Every structure is written in structure tokens, then in C-alpha cells.
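I have placed the structure first, in the form of C-alpha cells, so that the comments after it can refer back to it.
The values are calculated or read from the model by the stated rules, or taken from the named source; none is laboratory data. Quantities reported herein were computed from a predicted structural model and do not represent experimental measurements. With ideal geometry, Cβ positions are generated from the backbone for all residues, glycine too; neighbour counts draw on all protein chains shown. The accessibility values were calculated without ligands, DNA or RNA, using every heavy atom of the protein model including side chains. Shrake-Rupley method; radii C 1.70, N 1.55, O 1.52, S 1.80 Å.
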Amino acid sequence: MTETLESIAEAMVAPGKGILAADESSGTIKKRFDSINLESTEDNRRDYREMLFRTEEAMKNNISGVILYDETIRQKAKDGTPLVDLIKAAGSIPGIKVDMGAKEMAGFPGEKITEGLDGLRERLAEYYDLGARFAKWRAVIDIADGIPTQGCIEANAEALARYAALCQEQKIVPIVEPEVLMDGGHDIDRCDEVTEAALRTVFARLAAHRVNLEGTILKPNMVISGKKCTKQASVEEVAARTIACFKKVVPAAIPGIVYLSGGQSDEDATAHLNAMNAIGGFPWKMSFSYGRALQHAPLTTWGGKAENVAAAQAAFAHRAKMNGLATQAGWKKDLEKAA
Ligand code: 5MM
């Protein structure tokens with residue numbers, strides 16, 4: 001079959017499947033390893049990710065694609081097999097994080113702009129040769145007193161659109177990730193308002209840069225209460241508000257929306273996705289591209305010890321299966337208890 005942007009995007013949101021975000025930059029993976037008292041060496045990072053990619057049950061049944069970091073896409077498993085080949089052998093698609101991180105935005109105190117456009121065309125061409133068929137770029141929008149500003153939203157949307165256009169030129173599907181952080185004390189109404197504003201601007205810039213939406217995947221936050229907000233919205237409210245917001249601003253041409261987990265508990269991330277698919281009535285596939293909500297359980301079970309690999313793989317397979325069920329509204333809380 002000829003591979004097109006559209007066919008890759010469709011495969012990324014195949015029923016029962018979603019994306020494993022394993023693209024932690026060196027700083028972020030160090031924080032994750034610190035939490036299990038493990039040194040962040042190249043070998044430890046390789047061992048951890050190899051363990052995930054060799055979890056056959058998860059990778060074959062529920063993981064359509066894996067977002068990798070620059071180091072990982074070049075790494076080999078202990079037996080010499082490129083990690084990319086492990087992913088492909090499981091029928092999953094390798095992807096790559098291509099942004100260079102969110103940096104302080106000059107003139108906009110407290111806000112960030114994602115960098116990485118210089119030389120991106122050449123980097124994408126190399127990543128394609130290394131096996132990547134989709135990419136990811138994350139913009140970070142924080143909510144606090146007086147922020148986000150429209151200036152920050154616009155600068156980030158413009159960068160996302162330029163990135164997406166370059167990806168498609170290089171036959172790579174862009175995952176467009178404008179993340180409105182859930183770290184603050186804001187309520188769900190404020191999240192709704194900012195998410196709508198951010199998405200409106202992003203889609204305006206994607207159109208201006210002639211990005212083919214059928215070959216694009218959106219990776220947004222859910223419309224949710226800030227973590228420190230005293231009034232936490234229910235699962236049903238998060239699901240209904242997210243769908244209502246997205247119906248207003250996300251074009252039907254987008255084949256799929258894959259959510260980030262953003263610091264939600266493992267079970268909340270699954271429950272919210274399930275509730276949205278249970279409501280239905282929207283034109284896109286709704287799936288996951290979770291980092292923490294897929295990896296927290298295997299990481300803590302593993303703890304850096306070889307004797308825990310099988311249990312950690314079982315923990316990963318379980319979370320992948322729960323989220324796979326949630327893409328089809330087939331998850332139930334009871335299934336967690338049985339695990
Ligand atoms: C896996 O974490 C990703 C990379 O973060 P850094 O560039 O800060 O190291 C992150 O972009 C991730 O893909 C998304 O935020 C989704 O992960 P969560 O944990 O929010 O589901």
C-alpha cells in the first residue's frame with residue numbers, strides 16, 4: 001500500500017489504539033528516574049525504553065505509534081537491534097519529537113515560546129531516513145493572572161503551523177500539540193476559554209500555512225479544572241465540556257484527536273477518554289498520546305531492577321489495554337479492580 005500522510009494519520013488513530021509519548025528530553029527523563037532513585041545514564045534510558053517497546057501485548061494491540069527523542073531514535077537494543085525496528089516489528093509507527101523545548105518568551109514575562117524551526121527541514125529529512133513517519137511539536141500555554149496573552153498564543157501558533165508545513169513537505173505527519181497547562185488554581189471555565197482561544201488561533205495559522213488537515217493529528221489538553229482548583233469538575237463534566245469546546249473550533253477534516261494526560265492520574269486520564277467516546281457525536285477519532293498516564297505504572301514497578309521487568313511490562317500492557325478500551329467506550333472501573 002502506498003504510504004500517504006492521510007493513511008499514516010488514520011493508522012495513528014486506529015480503533016483500540018493510541019500513542020505512547022516516550023519522548024522525554026534528557027532533563028525530563030532525569031526527573032522521572034530521580035523518582036525511582038535511578039541514575040539517568042544512556043544505558044538506563046535504553047534499558048527502560050527497550051523494556052516498553054518489547055512489551056508485545058501492548059505494542060501489538062494498543063499502541064499505534066511511539067514518540068521518540070533524538071537519542072532514542074538512534075539507539076540500539078542490548079542485542080544490537082535498533083529500537084526503531086522493535087517498534088516496527090510490533091506493527092507500531094515510530095515518531096519523533098522535533099521541537100527544541102519551550103523557552104522564556106522575550107517581552108512576555110511568565111510565558112514560553114517553543115523553539116526549533118532553524119534547520120528543521122534537514123532534521124526532518126534525516127528522521128525520515130531513520131524511520132520516523134510522524135513528528136511532534138509541543139507549545140506550552142500557562143494560565144495565571146494576566147496570562148496567557150494573545151501575543152504568546154499567536155507566536156506559538158505560528159511556530160506550530162510552520163513546523164506542520166515543513167513536516168508535510170518531508171512526508172511526515174505532524175502532531176500539533178498546543179498544551180494549556182492544568183497546573184494552576186484556575187477553574188474549568190477558564191481552561192475552556194483559554195483552550196478555545198488557543199485552538200482557534202492554531203487552526204487559523206495552520207490554514208494560513210496551507211497545512212493539509214487530513215494529514216495532521218491534534219494533541220490537546222482536555223478541558224479540565226486546574227490541579228490546585230478547589231472545585232474539581234466531574235468526569236462527565238470534563239468529557240462534555242471538552243467535546244463542546246472542540247466542536248466549536250476543531251475542523252472535521254482532522255482525522256484524530258489524541259489527548260495528553262497533563263498530570264492527571266492514570267485512571268482519570270482513562271475515565272475521561274472513555275466518557276468522551278461514550279458521549280460520541282463528533283467527527284474525529286478520539287484517542288490518547290499519554291506520557292505519564294501510560295508510563296507511571298511501569299516506571300515505578302520497574303524501579304530500575306532487571307527482576308521487575310516482567311511485572312513492569314504487565315503494568316504497561318494493562319494501562320495500554322485500559323486506554324485502548326477507552327477509545328471505544330469499552331472501559332469500566334471494575335476492570336481496574338480486577339487487575
Ligand atoms: C513525554 O513527555 C513529553 C516531552 O516533554 P519534555 O519535552 O518536557 O521533556 C511531553 O511533550 C508529552 O509528550 C506530552 O506532554 C504528553 O505527556 P503527558 O505526560 O502530559 O501525557
### Task
Within the chain, what's the longest run with no trypsin sites (Lys or Arg not before Pro) in a DSSP loop and at most 16 other beta-carbon atoms within 10 Å? Give the range, please.
79-170
### Task
Determine, from the Cβ-Cβ distance of Lys103 and Val249 and an R0 of 35 Å, the FRET efficiency 1/(1 + (r/R0)^6), rounded to the nearest 0.05.
0.85
### Query
Of the accessible area of segment 28-177, with the probe set at 1.4 angstrom, what percent is carbon plus sulfur?
46
### Summary
Using the Cα gyration tensor of segment 89-154, the equivalent ellipsoid's semi-axes, largest first and to the nearest Å, work out to 31, 14, 7
### Query
What is the extension gain from Lys88 to Arg200, computed as 0.36 nm multiplied by their sequence separation minus the C-alpha to C-alpha distance, in nm to one decimal?
36.8 nm
### Query
Which length gain, in nm to one decimal place, applies between Lys333 and Glu214 when the Cα-Cα distance is subtracted from 0.36 nm times their residue separation?
39.4 nm
### Message
Using the basic label-point model (7 angstrom from Cα toward the beta carbon), what is the Glu39 to Lys305 distance in nanometres?
### Response
1.9
### Query
Tell me, what is the 1.4 Å probe accessible area of Val250, in Å² to the nearest 10?
10
### Task
Please give the direction-averaged projected area of the C-alpha convex hull for segment 288-334, in square nanometres with one decimal.
3.4
## Note on the structure
With a Förster distance of 35 angstrom and the Cβ-Cβ distance between Gln150 and Lys78, calculated FRET efficiency to the nearest 0.05 equals 0.10
### Heavy-atom surface of segment 161-228, accessible at 1.4 Å and reported per residue (Å²)
34
### Message
Using C-alpha positions alone, give me the convex hull volume of segment 143-230 per residue in cubic angstrom.
### Response
79
### Query
If the convex hull of the alpha-carbon atoms of the chain is projected onto planes in all directions, what is the mean projected area in square nanometres?
16.4
### Counting all C-alpha pairs of segment 65-105, share separated by more than 11 Å (%)
66
### Query
Which residue, Gly184, Gly119, Gly263, has the most motion in a Gaussian network model of the chain that connects Cα atoms within less than 10 Å?
Gly119
### Query
Where in segment 231-261 does the label zone of Ala207 land, with the point 7 angstrom along Cα→C-beta and an amide N cut-off under 17 Å?
246-255
### Coordinate range along principal axes, alpha carbons of segment 3-94, Å, largest first
40, 26, 23
